[in-house]
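Student: The structure follows.
The values are calculated or read from the model by the stated rules, or taken from the named source; none is laboratory data. Keep in mind that what you see is a predicted model, and the values were worked out from it rather than measured. Here the Cβ positions follow ideal geometry from the backbone for every residue, glycine too, while neighbour counts run over all protein chains shown. What goes into the accessible areas is simple: the full protein's heavy atoms, side chains included, and nothing from ligands, DNA or RNA. Shrake-Rupley method; radii C 1.70, N 1.55, O 1.52, S 1.80 Å.
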Amino acid sequence: MTASAPASAPAATKLSAWRMVLGTAFMAMTVGCRPQFAAMILLAIPLFWDEIRHTRQLVSRTSWRLTLAVALAALAVLVPLGAYNVARFGSPADFGQDYNLTSYDLTSQRPSVFLLPAELFLELFQPVSLLGQFPFVQTTSTAIAAPQEPSLGGLLALVPMLAVVLLLWMARRPLRRHRAWGMTLWCVGLGIVVMLTDTLIGGINNRYYGDFSMLLALAAILVALALEESLRPEGRQDDAASGCATIPARVMALAAAAAVLFAAFMIGMGFFATGRYEALASTNPVLYSWVGSWFFGLTM
């Protein structure tokens, strides 16, 4: 099959009722752990789109038993969880996020909506700050009138491989050919919604990256694979490391490897950054000094 040939639809598979029910219950439990992770549950829509729209194994008159079982599995977790929240905070949707022991009081503070553009820039594009000596990474300045904690930089600066998601539109044709365009858009959309929600409620915090970065990462992987395929010689299915790869494909592969290594460096050394709350230099000086000794003589 050539690179331009449309991908055939996958063969229909029969859903396992007990796996669907058990999986739904487990996914619902994540709401009690971190409500923002509930956005991942919505990935079930594109993942099971064939079963919903074509084979009608879900959400149809012929599959009402399975649909009802899945709904009851979710309710079996969410109803007690909502009752617990009502008993603690007076609302089923209040998970106590305003009462965290952080550097600011969320019960009385909310960042201004007019600061949202600046906050999003800091969360996504704030440049990292590097040093010439251990730990080589330091926190950046986020001087803005909004709730915040020390930051190592914006998400796309810390993990530059995720920036490939900005090329989403260029990859639309191969993504459509492989029936992944909807999934990619869905991941980006959900990621943006979670990011906006976190920022409007809690301000700027590197910890919040974990709420939406996995959605953007999944979209970035799909976009990167689609772009890599488009850079192959016409009709070839070999990967970018093969002898027939084009120069742009090899450049892209090297850039991706460099981006991953840079992210590993930033995250690894970021654990030792002295500007962080509860920095290792003060909470575990023995470990900090031991790791720092690896670089004695290599830096000034």
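Student: Given the conditions (1) of a type outside the set (Val, Ile, Thr); (2) buried (at least 16 other Cβ atoms within 10 Å of the Cβ); (3) free of Cβ contacts under 8 Å to residues at least 12 places away in the same chain, which single one is not true for Leu155?
Tutor: (3)
Student: Here's something else I'd like to know. Which of the residues that make up region 187-209 are at pLDDT below 90, out of contact with any Leu (no Cβ under 8 Å at 6 or more places or on another chain) and surrounded by fewer than 16 Cβ atoms within 10 Å (Cβ to Cβ)?
Tutor: Answer for region 187-209, where residues must be at pLDDT below 90, out of contact with any Leu (no Cβ under 8 Å at 6 or more places or on another chain) and surrounded by fewer than 16 Cβ atoms within 10 Å (Cβ to Cβ): just Arg207.
Student: Name every residue in region 273-294 that is hydrophobic (A, V, I, L, M, F, W, C) and surrounded by 10 or more Cβ atoms within 10 Å (Cβ to Cβ), in order of residue number.
Tutor: Those that are hydrophobic (A, V, I, L, M, F, W, C) and surrounded by 10 or more Cβ atoms within 10 Å (Cβ to Cβ): Ala273, Ala279, Leu280, Ala281, Leu287, Trp290, Val291.
Student: Something else about it: If I ask for residues that are part of a helix (DSSP H, G or I) and open to solvent by less than 80 Å² (accessible area, probe 1.4 Å), which ones from region 43-63 would you list?
Tutor: Of everything in region 43-63, those that are part of a helix (DSSP H, G or I) and open to solvent by less than 80 Å² (accessible area, probe 1.4 Å) turn out to be Leu43, Ala44, Ile45, Pro46, Asp50, Glu51, Ile52.
Student: Does Leu66 count as under 25 Å from Met183 (Cα atoms) and either in contact with a strand residue (DSSP E or B) (Cβ under 9 Å, 6 or more places away or on another chain) or assigned to a helix (DSSP H, G or I) (or both)?
Tutor: So Leu66 passes the test.
Student: Separate question: Regarding Met29, is this residue closer than 21 Å to Asp198 by Cβ, open to solvent by 70 Å² or more (accessible area, probe 1.4 Å), within 21 Å of the chain's Cα centre (by Cα) and not acidic (Asp, Glu)?
Tutor: yes
Condition check ((1) in contact (Cβ under 8 Å) with a residue 12 or more places away in the chain; (2) under 17 Å from Trp18 (Cα atoms)) across all residues:
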position	(1), (2)
Asp50	yes, no
Leu58	yes, yes
Arg61	no, no
Leu66	yes, yes
Ala69	yes, yes
Ala74	yes, yes
Leu78	yes, no
Pro92	no, no
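Student: Same structure, new question: Show the residue pairs meeting these rules: Cβ distance below 8 Å; 6+ apart or different chains; first residue within region 208-234 and over 14 Å from Thr184 (Cβ atoms) and of a type in the set (Ser, Thr, Tyr); second residue in a loop (DSSP other than H, G, I, E, B) and open to solvent by 10 Å² or more (accessible area, probe 1.4 Å).
Tutor: Partner pairs satisfying both residue conditions: Ser213/Val159; Ser230/Ala3.
Student: For Pro147, only one of the following conditions fails: (1) open to solvent by less than 40 Å² (accessible area, probe 1.4 Å); (2) under 26 Å from the mean Cα position of the chain (by Cα); (3) modelled with pLDDT of 85 or more. What is its number?
Tutor: Only one criterion in (1) open to solvent by less than 40 Å² (accessible area, probe 1.4 Å); (2) under 26 Å from the mean Cα position of the chain (by Cα); (3) modelled with pLDDT of 85 or more is unmet by Pro147, namely (3).
Student: Being exposed (fewer than 12 other Cβ atoms within 10 Å of the Cβ), touching a Pro at 6+ places or on another chain (Cβ under 9 Å) and modelled with pLDDT of 90 or more narrows it down to one residue among Ala87, Ala83; which is it?
Tutor: Ala83
Student: Would you mind stating whether Leu162 is open to solvent by less than 80 Å² (accessible area, probe 1.4 Å), outside any loop (DSSP other than H, G, I, E, B) and modelled with pLDDT under 90?
Tutor: No.
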